[in-house]
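As structure tokens, the structure follows; a few thoughts come after it.
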């Protein structure tokens, strides 16, 4: 059932916004350099594995407790707009939902 897959993704995306702190450019460079997160080009490759042909329209790096996540707005190859939450350390897709 599609609803069973959609609800957890919505919860993850919503909860990330509640407890997140936007990162500034200097902070992003520091966590990339210390190895806390993957460089963005590697994360982009991970995104393309999950969403072939997707284009990133907006990206925010969020600091959440001990970890980091990217909140991405993408346009898929078939022109669907989606918001995607990605673990910035591993590149794992944590959730995705259509943008309205």
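Just so it is clear, none of the values below were taken in a lab; they were calculated from the coordinates. Everything quoted here is computed from the prediction, not taken from an experiment. A quick note on method: Cβ atoms are made from the backbone with ideal geometry, for glycine too, and the neighbour counts reach across all protein chains shown.
The stretch between residue 82 and residue 29, if pulled fully straight at 0.36 nm per residue, gains 16.5 nm over its current Cα-Cα span.
Residues of the stretch 35-58 with backbone nitrogen within less than 18 Å of a virtual label 7 Å along the Cα-to-Cβ line of residue 75, please, listed as ranges. Residues 48, 51-58 qualify, since their backbone N sits under 18 Å from the label point.
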